[in-house]
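Asks: What follows is a single structure, and I will ask about it in a moment.
The values are calculated or read from the model by the stated rules, or taken from the named source; none is laboratory data. Owing to the predicted nature of the structure, the values given are computational and were not obtained by experimental measurement. Positions of Cβ are backbone-derived with ideal geometry, glycine not excepted, and every protein chain shown enters the neighbour counts. In case anyone asks, the SASA skips ligands and DNA or RNA and just uses the protein heavy atoms, side chains included. Shrake-Rupley method; radii C 1.70, N 1.55, O 1.52, S 1.80 Å.
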Amino acid sequence: MIHSTLARIAFTVLSLFWGAAGWFVLLQGGFHKTYRFSKETTFVGGAGGVFMAYLFLLMATIAACVVLQSIRARRLVFVLIGLMYLVPPIVFLLQT
């Protein structure tokens, strides 16, 4: 349980950024991976890109649920947040 207002704000910001990152990866069709000692990048698309996008969206959902739990929201709100973060990307992928 989070009692600090700053922690709630931090988790809210994390949720928004992770959600935006997930959508960014989905809209780009993947992401670029850089190597440690090289300036070369590799584009990771397809299943790897979708997996990374869903990891970001799942982290966003968990962060939003942490904030909701700290304000003692009802279970319906948890379900709606999960649906809001995880269903639209599926619809987007099915249309593309």
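Asks: Excluding ligands, DNA and RNA, what is the solvent-accessible area per residue of the chain at a probe of 1.4 Å, expressed in Å²?
Replies: Per residue, the chain has an accessible area of 71 Å².
Asks: What does the highest-first list of 90-96, 58-64 look like by mean Cβ count within 10 Å?
Replies: So the order, starting with the most tightly packed, is 58-64, 90-96.
Asks: Where the accessible area of the stretch 1-68 is counted over protein heavy atoms with a 1.4 Å probe, how much of it, in %, is carbon and sulfur?
Replies: 73
Asks: So how tilted is helix 5-28 from the main axis of the chain? Cα-based, degrees 0 to 90, rounded to 10.
Replies: Helix 5-28 sits at roughly 30 degrees to that axis.
Asks: Restricting attention to the stretch 1-75, which chymotrypsin sites (Phe, Trp or Tyr not before Pro) occupy a DSSP loop and are surrounded by at most 11 other Cβ atoms within 10 Å?
Replies: When the chymotrypsin sites (Phe, Trp or Tyr not before Pro) of the stretch 1-75 are filtered for loop state and at most 11 Cβ neighbours within 10 Å, TYR35, PHE37 remain.
Asks: Given the rule -39500 (n - 2.57) for each run of at least 4 DSSP H residues, summed and divided by the residues of the chain, what is its mean residue ellipticity at 222 nm, to the nearest 500 deg cm²/dmol?
Replies: The per-residue figure over the chain is -25000 deg cm²/dmol.
Asks: Continuing with this model, one more query. Using Cα pairs closer than 8 Å and at least 6 residues apart in sequence, work out the relative contact order for the chain, in percent.
Replies: Taking the mean separation of contacting Cα pairs over the length of the chain, I get 33 percent.
Asks: Pick out, in residue order, every one of the trypsin sites (Lys or Arg not before Pro) in the chain that is DSSP loop and has at most 13 other C-beta atoms within 10 Å; say none if there are none.
Replies: ARG36, LYS39, ARG72, ARG74
Asks: Rounded if a/c is under 1.5, else prolate if a/b is larger than b/c, else oblate: which is the chain, with a ≥ b ≥ c the root eigenvalues of its Cα gyration tensor?
Replies: Oblate.
Asks: Against the longest alpha carbon principal axis of the chain, how many degrees, from 0 to 90 and to the nearest 10, is the axis of helix 75-95 turned?
Replies: Helix 75-95 and the main axis of the chain meet at about 20 degrees.
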